[in-house]
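Engineer: The structure follows.
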Amino acid sequence: MLDFEKLGAFYLGKRVDDESGDVGDELVLYDSKDLTTHAVIIGMTGSGKTGLGISLLEEAAMDHIPVIAIDPKGDMGNLMLTFPDLAAGDFEPWVNARQASDEGITKAELAASQAALWKKGLAGWGQDGARIAKLRDNAEVRLYTPGSSAGLSVSVLQSFAAPGKELLADADLYRERVAATATGLLSLLGIDADPISSREHILLSQILDHAWQQQQSLEITALIAAIQNPPVRKIGVMDVDTVYPPKERFELAMRLNNLLAAPGFEAWLQGEPLNASSLLYDSSGKPRISVMSIAHLDEAQRMFFVSMLLNELIGWMRAQQGTSSLRAILYMDEIFGYLPPTANPPSKRLFLTLLKQARAYGLGLVLATQNPVDLDYKALSNTGTWFIGRLQTERDKARVMEGLEGVRSDTFNKQKMERTLAGLGKRRFLLHNVHEDEAVVFNTRWVMSYLAGPLTRDQISRLAAGTAPAAASESASIIPPGSEKESGSASNSAPVLAPSIRQAWLPADGDDLVYYPRVIAAADIAFSNARYKVDTQRKCLFTAEVDDGPVSLDWDDAEAMALPADRLLTKGVPGASYAACPSAITIEKNYAAWEKTLKQWLRQNQAVTLYRSSKYGLSSEANETEAEFRIRLQQIASELRDDAIAKLRERYGSKALTLENRLLRAEQAIDREQQQSSKKKLDTVVSLGTAVLGALLGRKRISSATTSRVGTAIRTAGGARKEAGDVDRARETAEKVRTDLEELNAALEKEIASLDTAYDAQAEKLDEVQVKPKSTDIHIGLVGLAWMPYRRSADGRLSPAWNSRID
């Protein structure tokens, strides 16, 4: 089978013959680049809409394109059910036990039949287990359940993160984010708030704006406190207490507090932070398909989560560089209620913003619905691709016809379109793409994922268990000497040391603390290299243990801290106890020696690591991680591939057009009586053995100018003479042109094979370049004694108690 990934094409299915209704051999390929103008999938229940959506996302994964899929119905988790071996044992946990019982067979027998069915189905569409294995290798699928512990948890209410500087610089987008966050939060409280007249909305917006303008994230506890004691004293020209009296503000704070205290609500505070980048890529830069299952939530909770997710995605989008290639996909399996034609829920403005602006950043939206009449017409006008399946009502058909006519009024044939829509069956869709010259009816291919239907809570838990991130803690590795047993030498106060020994305390959470001594060091390091365009600075903070042995301190054993040096305190928590100090840490002259060895150690061990791609001759930037660089390389590869395919399409398209015109004239001269040199005849002629030409040029080879030239060729052929000699010559010409088309197809196939476009950024071995600092570029700001707080548990054990969170 053709390597679709080399062409940047999604394999969706096979074309259905307009007259016979049979599925032909012509593949329906869809340029991934076209998805930057967004798509809508419309079809009633049972039309195959979910299967088409899953196949679209499978193709995205094959092309290294990450996806965030919002799943209100619970079906998209099936993307995790991929079995390269197609073994019955892999299917058995996921088959329906009730179905087996109804059919009078065991689960194992049903699993065997499903495995055989999937193997046969895939083979019928030119696929196999090897393609499933590649799908699994290319992207990681993760299943999140916000507000529930069934799947992977995502923390939405733990903190309202401050938007990035790119979004802050856009006043309109920033206001939308503030308003949508306030509206979504109030919707959780059952308050239908108008942004203009609702004092609850105005107050929350003021609080969020005050914190975010200072680049401070706002924790939910801080938000409750700010409602009672607002950081602003005036709203407009009036005092805040006049607009919203303290007693009534307290009632709002209590409602929010009671919501947090409700059983099960702690799930909204746990798990990974809601971060678009980590939803789209793993820590190595490998693409992800993150399924956000919200079927278990009520309507208010769904709206809140979707609004928060869209807010986060818009912020991520604005931090990206512009591109004309597809970078990522946002998929929603049922858009009903989130983008209505008249009402204005918080999600609506956010979706409209994405539909208008996301194209410039390579973010494509795919919105599925069975209710086209409940979609905003502005949204429909911003979608370039329509996948239309079987529709339920005449009203639905009328709305679709109205939308299609608005998208392409110049070439729209209303009567033909009505006939086409009326004849659609299960798994058959009309593909209408503004980037192509004709609509096409196709049968969707067999999906690689096993379609088990909506997943149960137990099934979700089982799937998520295999993808749960390992818990990690910066502080867990720093264990004080003797922490496994209580030391009898603890004191109620810090020891008296020489005034020149600088002491610092780490911020601590909680009571019943014990401070342990360590050496702490802070340094500012500058890195510069003209060749690799490096000019950056790094602030470092380290702690190291000291003992009374021959080597009292070894910087190789030092621990890096995430805490900024300006967060260190000058005194400890009252009532805490202090462990005894090693004698070496109390000697004043040791600190000067440690500072000297620290500078040497930093010179040898601190570096800016750059990553270099030999394939593209590019190096990472100074503050770019390896994962971020691989993501950038993958995007560059996609852009270069799209450019290469566009040039091939232009070059071979003109050659194919010339041959097509010659063949048309010859065929009409042979049998002008039949007058079949229509566009359908042209399609038949071109498909003659030219599979690769068809795949590359597809439905894009006929432009309006081309159509005009084809019409001229047909009219010219109509004047051909009937003499036998002319007919013989025409037959010779037709045969020669067919040979030329086959040769053109072979040449194109060879050129595609030589294209180096099937790039996988994860597979490239990157060279590392170390840029180390000069001694003169290392400034030591502090070498002193740090008091590290630990909490004593009921059984006498100690655990780290410092707070290194950066607000």
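Engineer: Tally Lys/Arg at +1 and Asp/Glu at -1 over every other residue whose Cβ is under 12 Å from the Cβ of Gly190; what's the total?
Structural biologist: Local charge sum for Gly190: -3.
Engineer: Sticking with this structure for a sec: In the structure shown, do any of Lys286/Lys647; Lys33/Lys750; Lys414/Lys655; Lys73/Lys348; Lys378/Lys647; Lys6/Lys647 have a Cα-Cα gap over 25 Å, and if so which?
Structural biologist: Lys286/Lys647; Lys414/Lys655; Lys378/Lys647, as the Cα separations exceed 25 Å there.
Engineer: Amide H of Tyr515: which non-local residues (sequence gap of 5 or more, or other chain) have their own amide H closer than 5 Å, using H built in the peptide plane?
Structural biologist: Here the answer is Ser577, Tyr578, Ala579, Tyr790, since their amide H atoms fall under 5 Å of that of Tyr515.
Engineer: Hey, another quick one. Show me the ranking of peptides 301-307, 587-593, 494-500 by mean Cβ neighbours inside 10 Å, starting with the highest.
Structural biologist: Output ranking for 301-307, 587-593, 494-500: 301-307, 587-593, 494-500.
Engineer: For segment 149-272, what does the alpha-carbon gyration tensor say about shape, rounded, prolate or oblate, given a ≥ b ≥ c as the root eigenvalues, a/c under 1.5 as rounded, and a/b over b/c as prolate?
Structural biologist: oblate
Engineer: Within segment 625-657, which residues have the backbone N less than 13 Å from the label spot 7 Å out from Ser754 along Cα→beta-carbon, could you tell me?
Structural biologist: Counting only backbone N, you get no residues.
Engineer: Just checking my list (1) 29.5, 104; (2) 27.3, 101; (3) 32.5, 118 against Rg and Dmax of the Cα atoms in Å computed from this structure; which label fits?
Structural biologist: (3)
Engineer: Using the heavy atoms of the protein chains alone and a 1.4 angstrom probe, what is the accessible area of segment 336-468 per residue in square angstrom?
Structural biologist: Dividing the accessible area of segment 336-468 by its residue count gives 44 Å².
Engineer: Could you please report the charge total around Asp209, scoring K, R as +1 and D, E as -1 over all other residues with beta-carbon less than 11 angstrom from its beta-carbon?
Structural biologist: After counting each charged neighbour, the total is +2.
Engineer: Could you work out [θ]222 nm for the chain from helices alone, using -39500 (n - 2.57) per DSSP H run of at least four and dividing by all its residues? Round to the nearest 500 deg cm²/dmol.
Structural biologist: Estimated from H runs of four or more residues: -12500 deg cm²/dmol.
Engineer: If you don't mind, there's one more thing I want to ask. Give me the percent of the accessible area of the chain that comes from carbon and sulfur atoms, probe 1.4 Å, all protein chains in place.
Structural biologist: 49 percent
Engineer: Let me know the shape class of segment 503-574, please: from the alpha-carbon gyration tensor, a ≥ b ≥ c as square roots of the eigenvalues, rounded when a/c is under 1.5, otherwise prolate if a/b is greater than b/c, or oblate.
Structural biologist: In terms of gyration-tensor shape, oblate.
Engineer: What does the accessible area per residue of segment 569-675 come to in Å², with a 1.4 Å probe and no ligands, DNA or RNA counted?
Structural biologist: That works out to 51 Å² for each residue.
Engineer: Give the relative contact order (percent, whole number) for the chain; include only Cα pairs under 8 Å separated by 6+ residues.
Structural biologist: Dividing the mean separation by the residue count of the chain yields 18 percent.
Engineer: Separate question: Considering only the chain, what is the antiparallel percent among its DSSP beta bridges, to the nearest 5?
Structural biologist: Percentage antiparallel, nearest 5: 65.
Engineer: If packing is taken as the average number of other Cβ atoms within 10 Å across a peptide's residues, how do 132-140, 444-452 rank, most packed first?
Structural biologist: Highest to lowest by the protection proxy: 444-452, 132-140.
Engineer: Sequence-distant or interchain residues sharing an amide H contact under 5 Å with Gly48, placed H: which?
Structural biologist: Sorted by chain and number, the residues that satisfy this are Arg427.
Engineer: By a straight-distance test (C-alpha under 21 Å), which lysines pair with Lys772 as possible cross-link partners, with residues fewer than eight away in the same chain excluded?
Structural biologist: Within the straight-line limit of under 21 Å, Lys772 reaches these lysines: Lys533, Lys539, Lys596, Lys599.
Engineer: Whole-Hz ³J(HN,Hα) for each residue in segment 620-627, computed from phi via Karplus 6.51 cos²θ - 1.76 cosθ + 1.60 with θ = phi - 60°, x for glycine and proline: what do you get?
Structural biologist: Here the 3J(HN,Hα) series is 6, 7, 4, 9, 9, 6, 4, 4 Hz.
Engineer: Sticking with this one: Residues with amide H under 5 Å of Leu782's amide H, sequence separation 5 or more or different chain, H placed in the peptide plane at 1.01 Å from N; which?
Structural biologist: Ala522
Engineer: How do 59-66, 254-261 rank on mean C-beta neighbours within 10 Å, highest first?
Structural biologist: Sorting 59-66, 254-261 by mean packing, highest first, produces 59-66, 254-261.
Engineer: Can you tell me what share of the DSSP beta bridges in segment 316-441 is antiparallel? A percent to the nearest 5 is fine.
Structural biologist: 55 percent
Engineer: Further question: Give me the accessible area of Lys615, 1.4 Å probe, in Å² rounded to the nearest 10.
Structural biologist: It works out to around 80 Å².
Engineer: Per residue of segment 632-648, in order, report the coupling 6.51 cos²θ - 1.76 cosθ + 1.60 (Karplus, θ = phi - 60°) as ³J(HN,Hα) in whole Hz, putting x for Gly and Pro.
Structural biologist: 5, 4, 5, 5, 4, 4, 5, 5, 5, 4, 4, 5, 5, 5, 4, 5, 4
Engineer: Pull up the cross-link candidates among the lysines for Lys234, meaning alpha carbon to alpha carbon under 25 Å and not fewer than 8 places away within one chain.
Structural biologist: Correct list for Lys234: Lys247.
The values are calculated or read from the model by the stated rules, or taken from the named source; none is laboratory data. As the structure is a computational prediction, the values presented were derived from the model and not from experiment. So basically every Cβ, Gly included, is an ideal-geometry build from the backbone, and we count neighbours across all protein chains shown. These accessible areas exclude ligands, DNA and RNA; they are computed on the full protein's heavy atoms, side chains included. Shrake-Rupley method; radii C 1.70, N 1.55, O 1.52, S 1.80 Å.
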